[in-house]
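Chemist: Mind looking over this structure? Questions follow.
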């Protein structure tokens, strides 16, 4: 965990070099993710899964995508799906200003962001360091209030979804997005809550959009039959009791993967 207020910039290997991206030599740049994005785009590949946490990493992700599009030697003129970046919890005004100043990001469908509520609301802990709430320990409560600002991201028109990687409960993600309550019941940035319907989309249709998949994310004829049936209506159950609902039936690719006995 960095001792700096906003962490180290791993896009430029700053935690090793002590240099920001604009201070690197051409040879040093070749050892960073910036160069990987440029090279991948040149050959017609998008990048997905690069992790950003702090504000400068989010802005640099967009800057690198913009600069990658401006290369003269692109073998493929248009990508078939956007670049995707993960985690993205700390958003500041500079990020939105950069997005607004480069309309091609939206017009050409160049970039999408996953936003982690696990790091921004329900904070991770570090047993080896003896720290229970890593984000709060690094940024303090004031900093925690600006983490994962879903409402602002939505209002600014930045395409995003709620990240659900790893062993996580999607119903808990909906609950977090709507109530902004952490695991101790504290409300974190109440003004950044979104509606239950928006949270549901942010865990289904919007993640499919994130990977450029046009046959996933909703129930429609011809789409992949990936379904989960709960023992209650997730759109009508009390938001506080939402995580008490249990899956009773799942289907993956049209095949039954789980069915509760006696169903």
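Chemist: Based on this model, can you work out whether residue 44 counts as buried (at least 17 other Cβ atoms within 10 Å of the Cβ) and out of contact with any strand residue (DSSP E or B) (no Cβ under 6 Å at 6 or more places or on another chain)?
Modeler: So residue 44 does not fit the description; no.
Chemist: Against the definition (at pLDDT below 85 and over 20 Å from residue 177 (Cα atoms)), how does residue 123 come out, yes or no? It would help to see each step written out before you state the result.
Modeler: On the way: at pLDDT below 85: yes; over 20 Å from residue 177 (Cα atoms): no.
Spelling it out, it is not the case that residue 123 is at pLDDT below 85 and over 20 Å from residue 177 (Cα atoms).
Chemist: Where in the range 145-263 are there helices (runs of 4 or more DSSP H), lying fully within it, with 3 or more residues that are surrounded by 15 or more Cβ atoms within 10 Å (Cβ to Cβ), in the same structural domain as residue 101 (by TED's automatic domain parsing) and over 16 Å from the mean Cα position of the chain (by Cα)? Walk me through it before giving the result.
Modeler: On the way: elements: 150-155, 170-179, 196-202, 205-210.
Fully inside the range 145-263 and qualifying: 170-179.
Chemist: Let me ask something else. List the helices (runs of 4 or more DSSP H) inside the range 1-98, counting only whole elements, that have at least 3 residues being at pLDDT below 80. Give the derivation first.
Modeler: Details: elements: 14-17, 26-29, 33-42, 55-69.
Output list reads 14-17.
Chemist: Being free of Cβ contacts under 8 Å to residues at least 40 places away in the same chain and either under 17 Å from the mean Cα position of the chain (by Cα) or crowded, with 17+ Cβ neighbours inside 10 Å (or both) is the filter here, so list the residues in the range 99-108 that pass it.
Modeler: none
Chemist: Continuing with this model, one more query. For the range 120-144, give me each residue that is assigned to a helix (DSSP H, G or I) and either touching a residue at least 40 places away in the same chain (Cβ under 8 Å) or buried (at least 21 other Cβ atoms within 10 Å of the Cβ) (or both). Reasoning before the result, please.
Modeler: From the range 120-144, those assigned to a helix (DSSP H, G or I) are 120, 134-144; that's our starting set.
Of everything in the range 120-144, those that are assigned to a helix (DSSP H, G or I) and either touching a residue at least 40 places away in the same chain (Cβ under 8 Å) or buried (at least 21 other Cβ atoms within 10 Å of the Cβ) (or both) turn out to be 120, 134, 135, 137, 138, 139, 143, 144.
Chemist: Consider the range 205-237. How many of its residues are over 22 Å from residue 160 (Cα atoms) and touching a helix residue (DSSP H, G or I) at 6+ places or on another chain (Cβ under 9 Å)?
Modeler: Number of matching residues: 4.
The values are calculated or read from the model by the stated rules, or taken from the named source; none is laboratory data. Only a predicted model underlies this, so the values are computations on that prediction, with no experimental measurement involved. Cβ atoms come from the backbone with ideal geometry, glycine included; neighbour counts cover every protein chain shown.
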